[in-house]
Amino acid sequence: QSTLHELASAQGRFFGSATDNSELPDAAYAALLGTEFGQITPANSMKWDATEPQQGVFTFGQGDAITDFAQAHGQSVRGHTLVWHSQLPGWVAALPPAQVEAAMKNHITEVAGHYRGTVDAWDVVNEPFNEDGTFRTSPFHTATGSDYIATALRAAHAADPDAELYLNDYNIDGLGAKSDAMYRLASELIADGVPLDGIGIQGHLAVQYGFPGGMQQNLQRFADLGLDVAFTELDVRIPLPADAAELATQTSYYQRVVEACLAVERCVGITVWDYTDKYSWVPAAFPGQGAATLYDENLRPKPVYDAVREAL
Ligand code: XIL
């Protein structure tokens, strides 16, 4: 039978998965990753703490292992992420604010420059907003206010003119204060001629919080700005143990995300934040929750996998 990526490709979209270096020696895991998915995102190995642990000291070995895997399997790569307040080495936060912009530009120049030709799209800035739509505090925001976002996009474009440049965040799946803020920011950047190609919607959903309202309308308003949109980190977590009603809710959430994406021409694809419960980040990040992915801990496709296939 055809793969998730083949089904998505038939509709002009990609279907991808996050992965991590520690998972690749698992041969059964790697075999599925390399065949079922047409796109991969390194969950950790291109982040700042992994690529520039000390100022001016760049380490690309782990990230290169991901791009090598992608190349060997004909997959595209989403680079994740150049500028983020989290997984940021201590030396950045310790810099005097007057030195942060130069350090940020240098980081982007080196990392996006190294991956030029192997990374197809970058999450240039990750999670810039608070839930109420105000800008999140970070060393970057403290240094230059929200101007750091345009500066980062321009530096990424200079380092890799062919990469698609995205802003990425969570809880911007539907209409609301946070997605309104992203919409305003994107509108302003476009008006200012800043290179921006798309908005990444992480898609970390939870059955107990309900399905985001106005998802298709939200995707469409970004598309109407001339931007691509992508679901970049989709998973749907459940308080454990999952009961039948929760599993049914989860299935409908996955299907509704696929349907919303397919309904919007500029929705270019969907990436799940790893495809198996064996390696999902959810149980560690949200204790007591899990069962969030398409495959179980033994790498067997779950009923929700078939439901996603049907929606594609
Ligand atoms: C997560 C990784 O999956 C974990 O392995 C790591 O410990 C923490 O970060 N939003 C993001 C991702 O943009 O970078 C996060 O990845 C999950 C939430």
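Read-outs throughout are calculated quantities, based only on the coordinates presented, and are distinct from any laboratory measurement. Bear in mind that the values here come from a model prediction, so they are computed numbers and not experimental data. Positions of Cβ are backbone-derived with ideal geometry, glycine not excepted, and every protein chain shown enters the neighbour counts.
With 0.36 nm allotted per residue and the present C-alpha distance subtracted, the Glu6-Asp306 stretch has 106.6 nm of extension available. Cross-link partners for Lys302 among the aspartates and glutamates, with Cα-Cα distance under 15 Å and sequence neighbours closer than 8 places in the same chain left out: Glu36, Asp235, Asp243, Glu246, Asp274, Asp277, Glu310. DSSP beta bridges fully contained in the stretch 4-311 are about 10 percent antiparallel. Computed over the alpha-carbon atoms, the chain gives an Rg to Rh ratio of 0.95, Rh here being the Kirkwood radius from the mean inverse distance. Considering only Thr137, Thr118, Thr232, the mean-square fluctuation computed in a Gaussian network model of the chain, springs between alpha carbons under 10 angstrom, is largest for Thr137.
With the simple spin-label model, which puts each label point 7 Å out from Cα in the Cβ direction, the Thr142 to Leu299 separation comes to 4.4 nm.
Once the piece of chain linking Asp26 and Ala72 is laid out straight, how much longer is it, given 0.36 nm per residue of separation minus the C-alpha distance between them? The partial results should precede the final answer.
On the way: separation 46, 0.36 × 46 = 16.56 nm, distance 1.64 nm.
Residue separation times 0.36 nm, minus the Cα-Cα distance, leaves 14.9 nm.
Of all lysines in the structure, the ones whose alpha carbon falls short of 21 Å from that of Lys105, not counting any fewer than 8 places away in one chain, are Lys47. The charge dipole of the stretch 97-198, taken about its Cα centre with unit charges on the Cβ of Lys, Arg, Asp and Glu (plus for the first two, minus for the last two), comes to roughly 280 debye.
Taking the DSSP bridge list for the stretch 218-312 and keeping only pairs wholly inside it, about 40 percent are antiparallel. Label sites at Ser252 and Arg116, each approximated as a point 7 angstrom past Cα along Cα to Cβ, lie 5.0 nm apart.
Highest-first packing order for the peptide set 188-197, 143-152 is 143-152, 188-197, based on the mean count of other beta carbon atoms within 10 Å.
Report the calculated FRET efficiency for Gln217 and Glu188 (r = Cβ-Cβ distance, R0 = 25 Å), to the nearest 0.05. For R0 = 25 Å, the calculated efficiency reads 0.75.
Between Ala102 and Leu175, what is 0.36 nm times their sequence separation minus the Cα-Cα distance? Round to one decimal in nm.
Values: separation 73, 0.36 × 73 = 26.28 nm, distance 3.51 nm.
22.8 nm is the gain from fully extending Ala102 to Leu175.
At a Förster distance of 35 Å, what's the computed FRET efficiency of Ala245 paired with Leu95, Cβ-Cβ distance as r, to 0.05? Don't skip to the end; give the middle numbers.
Working: r = 50 Å, r/R0 = 1.43.
The calculated FRET efficiency here is 0.10.
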